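K.L.:
My structure is below; once you've seen it, I'll send some questions.
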Amino acid sequence: MATLFPTKVPPSGFASTDPELAAIDASVRWPVMLCFLSAVHWLVVGTFLLVYASALTHPQDTFPILSLLNSLSSNFSMFTYGRVWPAAIDTLIYGWASTAGLGLAVWLLARTSRAPARSPGALMTSILFWNIGVAVGLTGIFLGDSSSVEFLEFPACASWILWLSYAVFALWAVATFLARRPGNDHIAQAWLLVALFAFPWLYATGSILLGSRSLPGSGVMQGLIGAWYVHGIYTLWLVPLGLGLLYYLIPKISGLSIRYGSKAQIAFWTWIIFAPWTAVHDLVGGPFPADTVTAGLFFSGLIFIPVALIGMNLVSTAMTAEDRQGHHGGIIFPFLVLAAVFFVVAGISEQILSIRGANELLRFTMFRECNMLLWIYGFFSFVVFGSMYYIVPRLLDFGWRSALLIKTHYYASLYGILLVVALLGFGGVMQGLILENPDAGVTISTDTGVAIGFHIAATMCISLVSIGNGIFALHLGWMLIDWLRLRVRGNRLAAEILVEPYDGDAPAKSPVEVSA
């Protein structure tokens, strides 16, 4: 069996041999690269803020390197946990995941439609303003101009910038899909279209009903709408984007058709029907009719059907490729296979929360953070990493510079997220058992003392994830610098070869020679 990663990474020759696909990749090169570069920037910022927020949960036991940050939190209100934590999560969702998702959607939609991108300038303008909206939103959070609604903390001005920039992007996406070549339909397109239509519906509805002062969601409806929005971001925005890439790349890289492909449509429709019901998890124990909550938990529990079918499609295809070909698809397949596995694990965590007894035990514990990181870091981030390792060389016709850096990024991200999920999951169970303990001697202080140990360990593991993300960002920067340097050198050499030197001693040409 071959090794997990190749020992050398070739420097060039990655452009598609299909002239049509090569032209499509060239047409989307700069919009996609702008998305990727800005997304990686937000990934580094968001991960740093997440480490910072995690360290603030145990200020008395912080690491020496974070003591300066803790002193900032003590002296400046903008660096307190109540602002750093939402800033970290919103950066990861809207800066990292959503920006990268837009770039992946551009590339995949153009490829599956077999249509070169039109109006790339308008597309790049929308992406640029999207990043401006994220920056304005984060500034507003740190300055205290926050809506205090989960995942909707951005001030109204930032929300308008995001929504308008996405509207331009959506127009481009619809035009590209309608201009697709007849007969080029793919299951990945269906997942992409769900995501692209769901996000503006989710964001506009959530912002108007929860973030607007003129038409706010009132009373207990705020909790219902907030839960619907949070779980909608997971199940109708990030998951469809990620699954679209997996359904396209896994068979393309492995050379095998999707196993149990006839079940792919069933998996698609059952996910669309049952996954949004996971919002009911946050309503258990609230002021809602018991019958309504019970029915919601029943339907959310049926999420095991699409999770099992999608796992059969993707994970079994990857395992079959391993058995037949004896390798993991070079540097790309390990990330994509882990993304598929993390999808199944995240689906199992949703299934656990669909059980009323388990939900009551884990509802107000760190298990909720575990579930969130499974979707953002475990599933979607690995989809983006694997996809970028595949797409960027084909856009630039230039290879990644170091297999060692790829290995380091892979293992740091893998072990970091596994440890974080295990610690937060087990810590959540321990918290729940303590909170449910009827012994009068067990108080909230007991629960806090137990949780601190898990938070300290989680901070260390998130730091490991941040190291992997930093290595990935440095590797991408190294690749781009080398690409630009060699491109400039190549253009300079071409100019020197093509220029005709002037010879002052040469005899003047006769009129006949000139006219000829």
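K.L.:
May I ask for log10 I(q)/I(0) of the stretch 128-200 at q = 0.17, 0.20, 0.21 Å⁻¹, from a Debye sum over the Cα atoms as equal point scatterers with solvent left out?
P.N.:
So the normalised log intensities work out to -0.71, -0.85, -0.89.
K.L.:
Work out how much length ILE355 to SER119 would gain on full extension: take 0.36 nm times their residue separation and subtract the Cα-Cα distance, in nm to one decimal. Walk me through the numbers on the way to the answer.
P.N.:
Numbers: separation 236, 0.36 × 236 = 84.96 nm, distance 4.91 nm.
Answer, rounded to one decimal: 80.1 nm.
K.L.:
On each of the three principal axes of the Cα atoms of the stretch 268-307, give max minus min coordinate, whole Å, ordered largest first.
P.N.:
33, 14, 12
K.L.:
For TYR260 and TYR411, calculate 0.36 nm times their separation in residues minus their Cα-Cα distance, and state this gained length in nm to one decimal.
P.N.:
Additional length available on full extension: 51.3 nm.
K.L.:
While we're looking at this one, here's another question. Using 1/(1 + (r/R0)^6) with R0 = 45 angstrom and r between the beta carbons of GLN60 and TRP30, what's the FRET efficiency to the nearest 0.05?
P.N.:
0.40
K.L.:
If one takes the longest principal axis of the Cα atoms in the chain, at what angle in degrees, from 0 to 90 and to the nearest 10, does the Cα axis of helix 98-113 lie?
P.N.:
50
K.L.:
If the chain between VAL220 and LEU302 were fully stretched, how many nm would it gain, using 0.36 nm times the residue separation less the Cα-Cα distance?
P.N.:
26.9 nm is the gain from fully extending VAL220 to LEU302.
K.L.:
Could you give P(r) for the stretch 42-136, binned at 5 Å from zero, as whole percent values over all Cα-Cα pairs?
P.N.:
Over the stretch 42-136, the share of Cα pairs per 5 Å bin runs 2, 13, 18, 17, 13, 10, 8, 7, 5, 4, 2, 0 percent.
K.L.:
How big is the C-alpha Rg of the stretch 114-244 next to the rule-of-thumb value 2.2 N^0.38 Å, as a ratio?
P.N.:
1.17
K.L.:
Give the Cα extents of the stretch 379-431 along the principal axes, in whole Å, largest first.
P.N.:
The Cα atoms of the stretch 379-431 stretch 51, 21, 7 Å along their principal axes.
K.L.:
If I take R0 = 30 Å and measure r between the Cβ atoms of MET319 and LEU21 in this structure, what FRET efficiency does the formula 1/(1 + (r/R0)^6) give, to the nearest 0.05?
P.N.:
Once the sixth-power term is evaluated, E becomes 0.60.
K.L.:
A further question on this structure: Order 123-135, 443-455, 83-95 from most to least packed using the mean count of other Cβ atoms within 10 Å.
P.N.:
On the way: 123-135: 19.9, 443-455: 14.6, 83-95: 23.7.
Result, highest mean Cβ count within 10 Å first: 83-95, 123-135, 443-455.
K.L.:
Oh, and also: If one puts a single equal scatterer on every Cα of the stretch 379-498 and applies the Debye formula without solvent, what log₁₀ I(q)/I(0) results at q = 0.09, 0.16, 0.18, 0.21 Å⁻¹?
P.N.:
Debye intensities relative to I(0), on a log10 scale: -0.45, -0.84, -0.94, -1.10.
K.L.:
Turning to a different aspect of this structure: Rounded to a whole number, what % of the accessible area of the chain do carbon and sulfur atoms account for, probe 1.4 Å?
P.N.:
So the carbon and sulfur contribution to the accessible surface is 68 percent.
K.L.:
So what's the angle, to the nearest 10 degrees on a 0 to 90 scale, between helix 29-55 and the longest Cα principal axis of the chain?
P.N.:
Tilt relative to the chain: about 30 degrees.
K.L.:
Quick one: go through the stretch 95-112 and flag any residue whose amide nitrogen is under 14 Å from the point 7 Å out along the Cα-to-Cβ line of ARG181.
P.N.:
Taking a point 7 Å out along Cα→Cβ of ARG181, the residues of the stretch 95-112 whose backbone N falls under 14 Å are 110-112.
K.L.:
Pairwise over distinct Cα atoms, reciprocal of the mean inverse distance: report the Kirkwood radius of the stretch 51-197 in Å, one decimal place.
P.N.:
Radius from the Kirkwood sum: 17.3 Å.
K.L.:
Something else about it: Please report, largest first and rounded to whole Å, the three semi-axes of the ellipsoid equivalent to the stretch 335-380, where each semi-axis is the square root of five times an eigenvalue of the C-alpha gyration tensor.
P.N.:
Over the Cα atoms of the stretch 335-380, the ellipsoid semi-axes are 22, 11, 5 Å.
K.L.:
How long are the three semi-axes of the equivalent ellipsoid for the stretch 243-398, computed from the Cα gyration tensor as the root of 5 times each eigenvalue, in whole Å, largest first? Don't jump to the answer; show the numbers that get you there.
P.N.:
Numbers: eigenvalues 225, 57, 30 Å².
Over the Cα atoms of the stretch 243-398, the semi-axes work out to 34, 17, 12 Å.
K.L.:
Roll a 1.4 Å probe over the protein chains and send me the accessible area per residue for the chain in Å².
P.N.:
43
K.L.:
Suppose we keep just the alpha-carbon trace of the chain; what are its Rg and Dmax in angstrom?
P.N.:
So, for the chain, Rg and Dmax equal 25.4, 111 Å respectively.
K.L.:
Report, in degrees rounded to the nearest 10, the 0 to 90 angle that the Cα long axis of helix 290-301 makes with the longest principal axis of the chain.
P.N.:
So the inclination is approximately 40 degrees.
K.L.:
Right, here's the next one. By average Cβ neighbour count within 10 Å, what is the ranking of 220-228, 107-115, 269-277 from highest down?
P.N.:
Averaged packing, sorted descending, gives the order 107-115, 269-277, 220-228.
K.L.:
Consider a paramagnetic label point 7 Å from the Cα of SER74 along Cα→Cβ; state which residues of the stretch 44-59 have an amide N under 12 Å from it.
P.N.:
59
The values are calculated or read from the model by the stated rules, or taken from the named source; none is laboratory data. Everything quoted here is computed from the prediction, not taken from an experiment. All Cβ positions, glycine included, derive from the backbone under ideal geometry; neighbour counts span all protein chains shown. Please note that ligands, DNA and RNA were not included when accessible areas were found on the heavy atoms of the full protein model with its side chains. Shrake-Rupley method; radii C 1.70, N 1.55, O 1.52, S 1.80 Å.
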